[in-house]
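Take a look at the structure set out below.
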Amino acid sequence: MNYYQDVTLLPDSTVPLDFLWQKVYQQIHIALVDNQSQQGESPIAVAFPEYGSVGFRLGKKIRLHANTQGELEQLDVAKWLARLADYVHIKSIQQAPAQSVFVSYIRRHVKGKSRIETDMQKKAQLWSEKTGQSLEISLAVLSKSKPKANNRLPFIWVESLHAKNTEGSGRPFPLFIERVMAMSEQKGPFNCYGLSQVANGSDLIATVPHF
């Protein structure tokens, strides 16, 4: 990832930062889908250089990374953010500085308390039917391995373009994002959210430079 382009969000009193993130990231997702390879991978990666900020934990800046300047020029993020021009500042494409820190941004599937409770009830029902034990006993057994809700990761509400096109359902969902520090640069695929791909239950740690 030798080139990058920064987009800074400019919220105001009428457009709060979280709402603006939703609108900007949705447009970038659409742009990445439009620009994806035949394998469904994105040549453009997304980074959050202000990840962990106080307040909205993704900060106000999104950074687009690519191996070549031409890939960012082809994406033409300014075109996709044209209707939000009053609320973003887009810098020119720059060459990434030489440095030795690399990170991965990964999507995490996070269940809330209500989802965990629903899943536990379903599992307990199946366990009760299989073992002949009462539902109460099955719940007590399963409660020992009950997962905890983890809602500390930052997220953005987005609408999956793939789901909208294939299932006709475009209901927004929270896209939880985790930053993972890497020991060295790792090549790998990125999805159309610009995040490191995850396959077969394991993380493929495609990295981007952090600066």
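Numbers below:
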item: Hits among aspartates and glutamates - C-alpha to C-alpha of Lys187 under 17 Å, sequence gap 8 or more where chains match; result: Glu41, Glu71, Asp203
item: For the chain, calculated [θ]222 nm from helices alone, where every DSSP H run of n ≥ 4 adds -39500 (n - 2.57); result: -9000 deg cm²/dmol
item: GNM top mover of Ile137, Ile28, Ile44 - the chain, alpha-carbon springs below 10 Å; result: Ile137
item: Residues Val110 and His162, FRET efficiency given R0 of 22 Å [Cβ-Cβ distance, rounded to 0.05]; result: 0.65
item: Extended-chain gain in nm, criterion 0.36 nm per residue less alpha-carbon gap, Ile30 and Asp12; result: 4.0 nm
item: With Cα atoms, 0 to 90° folded angle of helix 113-131 axis to the chain main axis; result: 40 degrees
item: Most mobile of Gly52, Gly132, Gly70 in a GNM of the chain (Cα contacts under 10 Å); result: Gly132
item: Distance in nm between pseudo-label sites at Gln69 and Val180 (7 Å out along the Cβ direction from Cα); result: 3.3 nm
item: Among Ile177, Ile116, Ile62: highest mean-square fluctuation, GNM of the chain, C-alpha pairs under 10 Å; result: Ile116
item: Antiparallel bridge percentage (DSSP; both residues within the chain; nearest 5); result: 95 percent
item: 13 Å beta-carbon shell around Glu50, net charge (K/R +1, D/E -1); result: +4
item: Net length gained if the chain between Phe173 and Gln95 were fully extended (0.36 nm per residue, minus Cα distance); result: 24.7 nm
item: Zone residues, the range 55-78, relative to Ser37, backbone N less than 17 Å from point 7 Å out along Cα-to-Cβ; result: 65-72, 74-75
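Quick note: the coordinates plus some simple rules give every number you see, no bench work behind them. Source: prediction; values computed, not measured. Glycine gets a Cβ as well: all are built from the backbone with ideal geometry, and neighbour counts include every protein chain shown.
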